[in-house]
């Protein structure tokens with residue numbers, strides 16, 4: 001069992017239940033999945049960029065990445081329907097908790113000029129963040145990084161609103177900005 005999942009079941013859930021004042025344990029927010037995605041705009045011209053992007057996602061997540069394709073043609077971007085434009089991975093279960101553990105304890109502290117993450121939820125309790133480069137992940141070697149590619153990370157929560165999900169993320173030690181810093 002993943003260390004963070006065990007901690008969630010044994011320590012975080014009872015604390016969260018008391019903190020939120022919920023009697024039913026099934027009403028507590030819980031992490032459902034983590035989605036990682038990369039848009040690789042230069043993939044239509046250079047196939048090696050797409051291969052590198054897929055390899056990076058596979059090394060970071062520990063499972064096979066899926067290539068995303070354009071749904072429709074856009075002439076201004078010289079893009080045709082069905083062309084490869086990115087890659088994505090959805091993590092669930094043990095891999096999800098292991099990735100979140102590495103994200104909070106290893107990756108986020110390695111971000112340059114880091115001052116904390118903003119508290120922007122989507123209104124349904126889900127949290128999305130973006131990274132400008134993958135060099136903050138220790139699994140990614142410099143040989144794969146020809147140029148920095150962005151990455152989106154989305155944490156999807158079940159059974160919660162924005163404030164419930166924020167409380168759960170705080171219990172996971174997610175480094176949010178303090179409210180006084182966010183206002184400035």
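Rule-based calculations on the coordinates, nothing more; no lab input. Note that the structure is predicted; figures quoted are calculated from it, not measured. Virtual Cβ from ideal backbone geometry, glycine too; neighbours counted across all protein chains shown.
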inquiry  = For the chain, I need the span (max minus min coordinate) of the C-alpha atoms along each principal axis, in Å, sorted largest to smallest.
reply    = 55, 41, 33
task = Evaluate the distance, in nm, between pseudo-label points positioned 7 Å from the Cα of residue 135 and of residue 69 along their respective Cα→Cβ axes.
result = 3.5
inquiry  = For 96, 129, which order do you get if you count the other beta carbons within 10 Å of each Cβ and list the fewest first?
reply    = 129, 96
key: Most mobile of 122, 101, 162 in a GNM of the chain (Cα contacts under 10 Å)   = 122
ask   = What is the chain's relative contact order, in percent, from Cα pairs under 8 angstrom and six or more apart in sequence?
value = 30
query = Per the helix-only calculation at 222 nm, which mean residue ellipticity applies to the chain, given -39500 (n - 2.57) for every DSSP H run of n ≥ 4 and division by its residues, nearest 500 deg cm²/dmol?
reply = -8000 deg cm²/dmol
request  = Please give, to one decimal in nm, the separation of the simple spin-label points placed at residue 47 and residue 170, each 7 Å out from Cα toward the Cβ.
outcome  = 5.2
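Using packing as a proxy for protection, rank 12-18, 149-155 so that the peptide with the highest average count of other Cβ atoms within 10 Å comes first.
Descending mean neighbour count gives 149-155, 12-18.
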ask   = Taking only Cα atoms, what is the 0 to 90° angle, nearest 10, from helix 162-171's long axis to the longest principal axis of the chain?
value = 80
query = Taking the Cα centre of each part, how many Å lie between the stretch 17-69 and the stretch 79-120?
reply = 6
Nearest 10 degrees, 0 to 90: helix 47-61 Cα axis against the chain principal axis = 20
remark   = Ranked from fewest to most other Cβ atoms within 10 Å of their own Cβ, 108, 56, 34, 74 fall in the order 74, 108, 34, 56
ask   = For the Cα atoms of the chain, what angle does the longest principal axis make with the long axis of helix 93-102, in degrees from 0 to 90, nearest 10?
value = 90
